[in-house]
Amino acid sequence: MKRTKYLSLIGLLLMLLSCKPEITSFQKFEFVAPEKVGMISDSLAKIDQMVNAFVKAKKYPGAVTLIAKEGKIIYESEVGFSDSLKTEPYRKDHLFRMASMTKPIVSVAAMQLIEKGKLSLDDKVGKYIPSFKSTEILTGFNTEDSTWTSKPTKTTPTIRQLLTHTAGVPYGFMNPPLNGAILAKNGIPDLSTHLPLTIEETMSKIGDLPLMHEPGEKWMYGLNTDVLGRVVEVASGEKLDDYIRENITKPLKIDFLDFYFDTVQKKNLTKVFVPSPKGKNMQVSDMGVMYIADYPTDGAKKYLSGGSGMTGTARDYFLFCQAMLDNGTLFGNEILKKKTAQEMHKNQIDTISYPWGPAKFGFGFDVADGHPTRPDGTYSWGGAFSTVFWIDPKNELIVIQLRQVLQSAFNQEINAALEKIVYSAIQK
């Protein structure tokens, strides 16, 4: 009898233990040898050689690279120089302009508000930005005076379509003679600006401009996430940067990932290069009428571009990626429910054609589908200043490489080289 009771107690104890919530063992910036998590040090060391080859060819000034597996950093390096005179070597704590790597973060902010019931995926954008209550589609354009003709759309854009880049909102730089001319005429920048504008002003103007296609019918890269950033402000009642700090970066113990920084941080800010006609990199001091080289430490510091405005370090962006890999929770702080986090990197465009390689698109990320190197389901994005990251759930792997060349022609080449080295370093 005693033996039966004893066994029953053991069974009950085991059952209770199995029901306990999983306790995270993640430690901030824990470093281990690659071999501890099934990768090969000598293989990963080739990344330095590869980046140096691109530097020698004058395709990039250098890069900061971070690789983590199973929540632990297994590789981190800085190669090259931040300045054209080669007096300031790249550092791991350098601030890089993330550009479009802002989009996944702002997309998470929107998904948080959906969880809280303050937004719905199928809400009309016009519910939050009145100029979107009635939208039109472009039917004709006069290049001589930048005037256009348009007709009413069958439907108006939704939050879901902003998240998936299917709303029809254009980017100017994707088609300067058309989209660029229309946006410029109305004072709407593609990238973060130093002028005293706000996204309340600019995103309201966008609602009065023609869409490039019927909402929901095509995938087209554009200012969708900038519009989404304004929606986040309206739905939350907070400025976009304040909301992200309180609900994303602070819970994730992120120190340097923000829209603007005090001028004292200029010493930590990388310089931006632009390719010359011969392919060499040249340091630039100005990048157009609405963008300055020392963004985000100088300027009016008012424009919060949800699609391109954030700047930060590789380590701080890694914390965001790790939270996504861990299904929305890090340090015991939940920024998204598990189901929501997973939905963000599932195909959300159904059969709509995705024009940028073997992938589909989720909410703020592209998702590998038949990629030659990355496993299916790997999700990623990059930025106009040649930054890139990917999150590989199959291998519990995060790869981040930050460079600062505006719209480099060599991004696909260096990304492919990086992928080849990383996946050849996995122990068979």
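The values are calculated or read from the model by the stated rules, or taken from the named source; none is laboratory data. This one's a predicted model, so the numbers in the text were calculated from it and none came from an experiment. No Cβ is skipped: glycine too gets one built from the backbone with ideal geometry, and neighbour counts run over all protein chains shown.
The table below gives the values:
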{"quantity": "Subset of region 145-155 [assigned to a loop (DSSP other than H, G, I, E, B) and in contact with an Asp or Glu (Cβ under 8 Å, 6 or more places away or on another chain)]", "calculated": "Thr153, Lys154, Thr155"}
{"quantity": "Those residues of region 20-33 which are more than 26 Å from the chain's Cα centre (by Cα) and modelled with pLDDT of 95 or more, in sequence order", "calculated": "Val32, Ala33"}
{"quantity": "Answer residue from region 138-180, given it is within 20 Å of Ser100 (Cα to Cα) and aliphatic (A, V, I, L, M) and is surrounded by the fewest Cβ atoms within 10 Å (Cβ to Cβ) among those", "calculated": "Met174"}
{"quantity": "Residue that is at pLDDT below 95, over 24 Å from His345 (Cβ atoms) and of a type in the set (Ser, Thr, Tyr), where the choices are Tyr295, Tyr260", "calculated": "Tyr295"}
{"quantity": "In region 156-180, the residues that are among the small types (Gly, Ala, Ser) and assigned to a loop (DSSP other than H, G, I, E, B)", "calculated": "Ala167, Gly168, Gly172"}
{"quantity": "Residue in region 130-144 that is closer than 30 Å to Leu252 by Cα, assigned to a helix (DSSP H, G or I), touching a residue at least 60 places away in the same chain (Cβ under 8 Å) and not aromatic (Phe, Trp, Tyr) present", "calculated": "no"}
{"quantity": "Subset of region 50-62 that is surrounded by fewer than 16 Cβ atoms within 10 Å (Cβ to Cβ) and out of contact with any Lys or Arg (no Cβ under 8 Å at 6 or more places or on another chain) - its residue that is nearest to Asp316 (Cα to Cα)", "calculated": "Asn52"}
{"quantity": "Looking only at region 342-363, and only at residues there that are touching a residue at least 60 places away in the same chain (Cβ under 8 Å) and aliphatic (A, V, I, L, M), the one that is farthest from Ile105 (Cα to Cα)", "calculated": "Ile352"}
{"quantity": "Residue in region 399-413 that is among the aromatic types (Phe, Trp, Tyr), surrounded by fewer than 23 Cβ atoms within 10 Å (Cβ to Cβ) and either assigned to a strand (DSSP E or B) or free of Cβ contacts under 8 Å to residues at least 12 places away in the same chain (or both) present", "calculated": "no"}
{"quantity": "Subset of region 324-365 (residues that are within 18 Å of the chain's Cα centre (by Cα), part of a loop (DSSP other than H, G, I, E, B) and of a type in the set (S, T, N, Q))", "calculated": "Asn327, Asn347, Gln348"}
{"quantity": "Flag for Lys250 being basic (Lys, Arg), modelled with pLDDT of 95 or more and closer than 18 Å to Tyr317 by Cβ", "calculated": "yes"}
{"quantity": "Per-region count, region 366-398, residues surrounded by fewer than 24 Cβ atoms within 10 Å (Cβ to Cβ) and of a type in the set (Phe, Trp, Tyr)", "calculated": "1"}
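Conditions tested, residue by residue: (1) buried (at least 22 other Cβ atoms within 10 Å of the Cβ); (2) part of a strand (DSSP E or B).
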| position | (1), (2) |
| --- | --- |
| Asp48 | no, no |
| Val64 | yes, yes |
| Ile74 | yes, yes |
| Ser77 | no, yes |
| Ser84 | no, no |
| Ser107 | yes, no |
| Ile114 | no, no |
